[in-house]
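Below is one structure, written out as structure tokens; the observations come after it.
The values are calculated or read from the model by the stated rules, or taken from the named source; none is laboratory data. Nothing here was measured: the structure is a model prediction, and the numbers come from that model. Cβ placement follows ideal geometry from the backbone for every residue including glycine, while neighbour counts extend to all protein chains displayed.
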Amino acid sequence: MVQVDISQLSGECNLWREQLRQLRDEFTLDEATLRKIAGHDLTKEQLQDVEHLHNQFHIQLINIHDLKQAIKVHDRKMNFEKAAFNGNANEDSLDRHEELRKEYNSLVQTLKELRSEFGQFAGKTS
């Protein structure tokens with residue numbers, strides 16, 4: 001067992017989940033905006049961009065959901081370990097936390113890039 005402040009790790013999990021909820025809400029709004037744009041008179045290339053962005057929004061919303069669920073399961077496991085093992089987390093949980101941190105950071109970067117791409121597209125079509 002490794003001595004780690006599980007409360008701090010759990011707090012980090014809660015922060016990640018809250019930020020992912022906010023990103024999900026932002027992408028849901030972006031998706032609604034994309035639907036409005038799709039109703040305009042668009043070129044073939046713009047329609048292809050709409051389809052691409054729609055597919056990416058769908059994929060990333062699934063990725064947000066899946067990562068939120070993985071973080072929630074991980075947080076519950078750590079809190080169980082806190083109660084069962086006198087506040088200590090096992091090495092596997094610490095490794096998993098680091099994996100989730102990397103997944104979270106990677107997803108956030110991907111989402112920033114997609115929002116930037118969408119912003120550029122929306123700017124051209126308005």
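Quick look at the values:
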| quantity | calculated |
| --- | --- |
| Scan of the range 102-111 for residues that are without any contact (Cβ under 8 Å) to a residue 40 or more places away in the chain and surrounded by 12 or more Cβ atoms within 10 Å (Cβ to Cβ), ordered by number | E103, S106 |
| Candidates L111, L42, L47 - the one that is more than 15 Å from I6 (Cβ to Cβ) and outside any helix (DSSP H, G or I) | L42 |
| Odd one out for I64, checked against (1) more than 15 Å from L9 (Cα to Cα); (2) at pLDDT below 95; (3) hydrophobic (A, V, I, L, M, F, W, C) | (2) |
| Residues within the range 77-106 that are among the basic types (K, R) and at pLDDT below 95, tallied | 2 |
| Qualifying residue in the range 106-125 (condition: touching a strand residue (DSSP E or B) at 6+ places or on another chain (Cβ under 9 Å) and over 16 Å from Q8 (Cβ atoms)) | no |
| Residue match in the range 54-63 (condition: surrounded by fewer than 11 Cβ atoms within 10 Å (Cβ to Cβ) and not in a loop (DSSP other than H, G, I, E, B)) | yes |
| Hey, K77 crowded, with 18+ Cβ neighbours inside 10 Å, out of contact with any Cys (no Cβ under 9 Å at 6 or more places or on another chain) and basic (K, R) or not | no |
| Residue in the range 18-34 that is in contact with a His (Cβ under 8 Å, 6 or more places away or on another chain), among the charged types (D, E, K, R) and surrounded by 13 or more Cβ atoms within 10 Å (Cβ to Cβ) present | yes |
